[in-house]
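In what follows, a structure is listed as structure tokens, so that the remarks can point back to it.
The values are calculated or read from the model by the stated rules, or taken from the named source; none is laboratory data. Everything numeric in this text was worked out from a predicted model, so none of it was measured. Here Cβ is always computed from backbone atoms with ideal geometry, including for glycine, and neighbour counts include all displayed protein chains. The area values use the complete protein model at the heavy-atom level, side chains included, leaving out ligands, DNA and RNA. Shrake-Rupley method; radii C 1.70, N 1.55, O 1.52, S 1.80 Å.
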Amino acid sequence: MSTLRPGGFRPVLLQRRVRAFPDPAQMAGDIVAMGGDLRAERLLQAYSQGIFPWFSEGDPILWWSPDPRGVLFPAAVHSSRSLHKSARRAAWQVAIDRDFAGVVAACAQPRAGQDGTWITSGMARAYEELFQAGYAHSFEVYAGAELVGGLYGVALGSAFFGESMFSRARDASKWALFALARHLQAWNFRLIDTQFLTAHLQQMGAVELPRSEFLQLLRQATSAEAAAPWSPSPELLAGRSEA
């Protein structure tokens, strides 16, 4: 997990029956609350306020709203020539919501050098519930019948909250992110929340914004509906490569 900002923090302790989250803009640290549960109702309320859960097995639920915040604007996605060559050479096909549970399970596999995963069984069940309710979605990359990469997240209004991605073939997760951004751009989404900024995401065009700026953009995005059929359009993935 990310190192907390200097100066400490006072996260609000959530009770199971209390639905309200604190205003992240008024909090000093990256963690704004702890406890509570992962009911769909609470998760959707959290995302609408720029808050997401992130914790390890056996720990209390921690609710984060980091400052600064990683963001990718769909129209700003970068895709290299090598990425397009990889996609053509492997004949990758993109699907949406074909195997949501499979994507979550793949994302939950420990990475090299890690002992465990933050995607607990309870977390997986919670996002499966959001998927069944039409809020969570997966973008999948296939080589023939094999699932080789993908990502999943939550959509509210014209904002997409990326949760996790995985790759079983080189560049497959990048292709999934490129596909996500191109489709969301076509569907008039305003932003992709990447939570934190990594070198991988930065290569694709993600930037960091102060939390106050992110929350302002988020309010605008969640109040604007996007026309999303959640079905793939292969023509959106042609061209747009960069050196």
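Summary of computed values
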quantity	calculated
Cα-based shape type of region 86-243, given that a ≥ b ≥ c are square roots of the gyration tensor eigenvalues and the cut on a/c is 1.5	rounded
Helix 121-132 vs. the chain, principal-axis angle (Cα, 0 to 90°, nearest 10)	70 degrees
Folded to 0 to 90 degrees: helix 81-90 orientation relative to the chain principal axis, Cα	70 degrees
Apportionment of accessible area to carbon and sulfur, the chain, percent (1.4 Å)	50 percent
Debye, to nearest 20: dipole size of the chain, +1 on Lys, Arg Cβ, -1 on Asp, Glu Cβ	320 debye
Other-chain or far-sequence residues with amide H under 5 Å of Phe196's (modelled H)	Gly70
Whole-number accessible area per residue in Å² for the chain, which is evaluated in the context of all protein chains at 1.4 Å	47 Å²
Interchain or long-range residues, amide H under 5 Å from Ser138's placed H	Asp97
Shape of region 115-162, Cα gyration tensor, a/c cut at 1.5	oblate
Within the chain, percent of DSSP bridges classed antiparallel, to nearest 5	80 percent
Long-range amide H partners of Gly29 with built H, under 5 Å	Arg10
Within the chain, longest stretch clear of exposed trypsin sites (Lys or Arg not before Pro) (DSSP loop, no more than 16 other Cβ within 10 Å)	171-239
Gap separating the Cα centres of region 57-133 and region 169-243, nearest whole Å	13 Å
Whether region 67-156 is rounded, prolate or oblate, judged on the alpha carbon gyration tensor where a/c under 1.5 counts as rounded	rounded
